[in-house]
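In what follows, a single structure is set out as structure tokens and then discussed.
The values are calculated or read from the model by the stated rules, or taken from the named source; none is laboratory data. Owing to the predicted nature of the structure, the values given are computational and were not obtained by experimental measurement. No Cβ is skipped: glycine too gets one built from the backbone with ideal geometry, and neighbour counts run over all protein chains shown.
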Amino acid sequence: MNIIFAGTPEFAVPALASLIAAGHRIVMVLTQPDRPAGRGMQLRASPVKQLALQHQLNVFQPASLKPAEVQAQIAALQADVMIVAAYGLIIPTPVLAMPSKGCYNIHASLLPRWRGAAPIHRAILAGDVETGVTIMEVVPALDAGAMVSKGTVPITERDTTQTLHDALSEQGAALMVDAMQTLEQTGKLAATPQDEALVTYAHKLEKAESAIDWTQTAEALSRQVRAFNPFPVASAQFRGETCRIWFATSRDGKAAPGEIVALGDYISVGCGDGLLDIAELQMPGAKRQSAQQFIQGQHVKLGEMFS
């Protein structure tokens, strides 16, 4: 089929790669404009654009899809389908109506749970035991379209947003290829409306949410640390400086909130309930380190406090 693919970050790359491998004609790749990045703040192409250029695909990077001339370029392609994966721009209703066989999105949650900007982070923070991917019809309302298919991924006590992101992006790619095969063979995709009574929203992360409150339970803090890895990274004060905590798990135990009570493979810190075993952390200006490296480099002592 003739497909317009709309996506920008790394999450969308497996889907585009899989559609290319499946033999579909990608008539246009919509991706956000190049952004300044890195220390030199040089313009950098999105991961989706980089892959598209490797395959010599038609790349279109408008800052908005609202201008009439932009919509005219998209309409001229007479595409069968538009596929959306973390594109990041609002798609106007006239554009959604252009593909003859519809517009479909890869969403990283088990809808209707976690509509919105940060579904992976919110699933971990909430203590969900599983998450997944939903292939859904794109409609003007936020993540409200009917559901075509789903795939489930368990959330373990060692999962971070990064590990789930990678698993879900691969699963979403496979589900979308299957959906497009069905659409090509049958001309339509069966879809189930979402139950509006079950909707929850995954609000965008706020930087202030990264600060650790040691009076919280160790389990809640472990979820916070893992949800904020790789960005914006949970943080606490240690010796008057901001220490980024990259990975931690929880266990039973009792100590004053913030007190270091064991040193070894982990730095064990007291919480409102339980102990937080910190495995990876980072001081300002230093590299990310294992607990053992941190203990040796900082000469950490029992009884010191995180605040």
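General observations
- Picking from residues in segment 2-20 that are surrounded by fewer than 20 Cβ atoms within 10 Å (Cβ to Cβ) and either in contact with a strand residue (DSSP E or B) (Cβ under 6 Å, 6 or more places away or on another chain) or in contact (Cβ under 8 Å) with a residue 40 or more places away in the chain (or both), the one that is nearest to Val81 (Cα to Cα) is Asn2.
- Residue-level check: of (1) surrounded by 17 or more Cβ atoms within 10 Å (Cβ to Cβ); (2) not in a helix (DSSP H, G or I), Arg158 misses just (1).
- Of the numbered criteria (1) buried (at least 20 other Cβ atoms within 10 Å of the Cβ); (2) within 17 Å of Ala15 (Cβ to Cβ); (3) out of contact with any Leu (no Cβ under 8 Å at 6 or more places or on another chain); (4) not aromatic (Phe, Trp, Tyr), the one Ile106 fails is (3).
- Residues of segment 189-230 that are free of Cβ contacts under 8 Å to residues at least 24 places away in the same chain and assigned to a loop (DSSP other than H, G, I, E, B): Glu206, Asp213.
- Single condition Ala167 does not satisfy, out of (1) modelled with pLDDT of 95 or more; (2) under 17 Å from the mean Cα position of the chain (by Cα); (3) part of a loop (DSSP other than H, G, I, E, B); (4) on the phi < 0 side of the Ramachandran plot: (3)
- Listed by position, the strands (runs of 3 or more DSSP E) contained in segment 1-111 that have at least 1 residues being among the polar types (S, T, N, Q) are 2-7, 42-44, 103-107.
Residues checked against (1) hydroxyl-bearing (Ser, Thr, Tyr); (2) surrounded by 16 or more Cβ atoms within 10 Å (Cβ to Cβ); (3) within 22 Å of Ile20 (Cα to Cα):
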{"position": "Val133", "(1), (2), (3)": "no, yes, yes"}
{"position": "Ser149", "(1), (2), (3)": "yes, yes, yes"}
{"position": "Pro154", "(1), (2), (3)": "no, no, no"}
{"position": "Gln162", "(1), (2), (3)": "no, no, no"}
{"position": "Met180", "(1), (2), (3)": "no, yes, yes"}
{"position": "Glu184", "(1), (2), (3)": "no, no, yes"}
{"position": "Trp214", "(1), (2), (3)": "no, yes, no"}
{"position": "Gln224", "(1), (2), (3)": "no, yes, no"}
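- Tally, over segment 129-155, of residues that are among the charged types (D, E, K, R) and in contact with a Lys or Arg (Cβ under 8 Å, 6 or more places away or on another chain): 1
- Test: residue in segment 194-211 that is in contact with an Asp or Glu (Cβ under 8 Å, 6 or more places away or on another chain) and either surrounded by fewer than 20 Cβ atoms within 10 Å (Cβ to Cβ) or closer than 25 Å to Thr163 by Cα (or both): no
- Residue in segment 154-176 that is in contact with a Ser or Thr (Cβ under 6 Å, 6 or more places away or on another chain) and more than 25 Å from Gly270 (Cα to Cα) present: yes
For (1) part of a helix (DSSP H, G or I); (2) surrounded by 14 or more Cβ atoms within 10 Å (Cβ to Cβ), each residue gets a yes or a no:
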| site | (1), (2) |
| --- | --- |
| Cys243 | no, yes |
| Trp246 | no, yes |
| Thr249 | no, yes |
| Lys254 | no, no |
| Ala279 | no, yes |
| Gly297 | yes, no |
| Val300 | no, yes |
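- Test for Gly145: is it of a type outside the set (Lys, Arg) and outside any loop (DSSP other than H, G, I, E, B): no
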